[in-house]
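Participant: So that we are looking at the same thing, I have put the structure below in structure tokens.
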Amino acid sequence: ISEERRIKGNCKCSHGTHGVESKVVDNFRRRLKYFFMNPCEKYRARGRKPWKLMLQILKIAIITVQLVSFGLSNEMMVTFKDENLMTFRHLFLKGYKDQQLRNYALYTKADVYDHIHYIINRVLKLQITVMTTGYRSVTCRPHSIRADGGVAPLSLCQEFYRNSSIDPENETFDIDPHVEKDCFSIYPLQPLHNNTLLSTHANFSLDFKRLLSVNIYLTLKTINLQTVRHHELPDCYDFHIMIGFDNRAHSGMIKVHVDNAVKIYECRDWNVEAGENDNMLLLLFDSGVILACFISLILCTRSVINGVKLQFEFHIFFHTYYNKTVSWSDRMEFVNGWYILIIVSDTLTIAGSALKIGIQTKFLTNYDVCSILLGTATMLVWVGVIRYLGFFKKYNILILTLRAAFPNVIRFCCCAAMIYLGYCFCGWIVLGPYHDKFRTLDKVTECLFSLINGDDMYATFLKMRDKSYLVWLFSRLYLYSYISLFIYMVLSLFIALITDTYETIKHHQSDKLPVSQLQAFMGECSDQPESGRYQSDEEPSSCCLSSCCCFR
């Protein structure tokens, strides 16, 4: 503000400076118009080659190739984990069949003991399987009944109430809700005597009236050898398996489930006779991606800084010459959102590529973080392609519509979200006990969002037919009102909001009406890029006016 006052106080131009002032305004107007030109127009105006454009096109190609390469590696890793989990279910669950885990349960005491014996014997006879697996070695083992195995033990733990006396016949009970845990270990490579748990641990018994759960823990090691065929070094895996028998409900049904936590790490001693050169090529390619993104990051950051500087100059210029305040919408025109998008994309790509190099060299094994970074970066890169389509007037209307409709869409969604959350909470508390799709709050949100798009409507209605009449009647009123409100009203208003914005933008384009002070100011400059007048936009320095308002 003080600088503005100083400029105004010192700008005492003599008679005859009107022509120079007009030239200064024309030069600044031409400078603004050049700033908002697309790369092709800038090339015709000054012969400036569109290096950023060519670099962005190159980035689209190399980042996509990098993502496909990593996606294949990630797919092999996920497939390997899923197939091993399926193998563990077939090996350790007696009589297990595919897609049966959700309904896999035991109902008698003999079945529980039988299945525990079956799991332990399967672990002790793991060498009969076709898996390339082994036991985890340990150097310091906890105290157990077998302390000379040399490998990590199989642990069996039961959780139970400290004390309970339950008599359903007389409808009486006396229970201490404190939970106790009892564990013991069995070392592989030393078979159990007589195949019984009692000979192994005499104190082991299950009191089903107090029993909450029985969990069996074991750790197995294996190597993902399939990556060798794709010129990648194999990873070593630790599968921390937990087989649980859940009796917390005490409903007469003990549910059985298998959980598998995986740790991936570099193998200690490896030797691959072929494929090292291919691995070096991949590392060089990833390094090239990092270099390209780093150059793009610098160029786009510089463009954003120049835009911010020019925005301040335009604000002072407009206030000095016209004594008007520039609106924030006009000032934000100088901040190119596409450059911000590219900066974010480049940052994510550099971080993801660095993690990918670490994974390939086996210093890191965090596939999930790397996939999130590279996937998000590639998505932003391809979204940025819309910017180049915007150079053509027929395609630019999509970008203008999205930008103009975005604030109204956000406000509309905030209002609709209040109604949506109300239906979510109501459906969860009322229909949750009777319908699988409403059992948890996240399932409710997914179900209702699917209903907005017309997905699986009949199945949602059908599952409520066998419930109580009151709940059935409420579910009909609930579903009919929700579907009618959101599909016929909210969704229609949402589409109408975007359509109205599209028609407004189309009307402005056809009538060529300026929509802001900035565009009106630049619109007075009729010089075409080929006119040659953009080769130099230096302001004159022969008058005090130029010293006041020379923004170069």
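Participant: Within region 361-374, can you find the residues that are over 10 Å from Phe70 (Cα atoms) and part of a helix (DSSP H, G or I)?
Facilitator: Passing the criteria: Asp368, Val369, Ile372, Leu373.
Participant: Here is a further query. So which pairs qualify, if the first residue must be in region 347-367 and open to solvent by less than 10 Å² (accessible area, probe 1.4 Å), the second must be at pLDDT 80 or above and of a type in the set (D, E, K, R), the Cβ gap must be under 9 Å, and the two must be at least 6 apart or on different chains?
Facilitator: Thr349/Lys59; Ser353/Asp286; Lys356/Asp286
Participant: Among the residues of region 426-455, how many are of a type outside the set (Val, Ile, Thr) and under 26 Å from the mean Cα position of the chain (by Cα)?
Facilitator: Of the residues in that region, 15 qualify.
Participant: Oh, and also: Inside region 459-505, can you point out the residues that are under 30 Å from Tyr434 (Cα atoms), open to solvent by 50 Å² or more (accessible area, probe 1.4 Å) and touching a residue at least 40 places away in the same chain (Cβ under 8 Å)?
Facilitator: Of everything in region 459-505, just one residue is under 30 Å from Tyr434 (Cα atoms), open to solvent by 50 Å² or more (accessible area, probe 1.4 Å) and touching a residue at least 40 places away in the same chain (Cβ under 8 Å), namely Phe474.
Participant: Would you pick out the residues in region 10-34 that are within 20 Å of Lys324 (Cβ to Cβ), open to solvent by 40 Å² or more (accessible area, probe 1.4 Å) and either at pLDDT 75 or above or out of contact with any helix residue (DSSP H, G or I) (no Cβ under 6 Å at 6 or more places or on another chain) (or both)?
Facilitator: His18, Ser22, Asp26, Arg31, Lys33
Participant: Taking the condition of a type outside the set (S, T, N, Q), open to solvent by 20 Å² or more (accessible area, probe 1.4 Å) and modelled with pLDDT of 55 or more, does Asp148 pass?
Facilitator: Here the answer is no, as Asp148 does not meet what is asked.
Participant: Yes or no: region 475-493 includes at least one residue that is over 27 Å from Val409 (Cα atoms) and among the aromatic types (Phe, Trp, Tyr).
Facilitator: No, region 475-493 contains no residue that is over 27 Å from Val409 (Cα atoms) and among the aromatic types (Phe, Trp, Tyr).
Participant: Additional query: Applying the selection to region 39-53, what residues are within 16 Å of Cys300 (Cβ to Cβ), open to solvent by less than 90 Å² (accessible area, probe 1.4 Å) and either in a helix (DSSP H, G or I) or touching a Ser or Thr at 6+ places or on another chain (Cβ under 6 Å) (or both)?
Facilitator: Result: Pro39, Lys42, Lys52, Leu53.
Participant: Suppose we keep only residues that are part of a loop (DSSP other than H, G, I, E, B) and open to solvent by less than 60 Å² (accessible area, probe 1.4 Å) within region 246-281. Which one would you say is modelled with the lowest pLDDT?
Facilitator: Ranking the candidates gives Gly275 first.
The values are calculated or read from the model by the stated rules, or taken from the named source; none is laboratory data. Note that the coordinates shown come from a computational prediction; the quantities given were computed from them, not determined experimentally. Positions of Cβ are backbone-derived with ideal geometry, glycine not excepted, and every protein chain shown enters the neighbour counts. We work out accessible area using only protein heavy atoms, side chains counted, and drop any ligands, DNA or RNA first. Shrake-Rupley method; radii C 1.70, N 1.55, O 1.52, S 1.80 Å.
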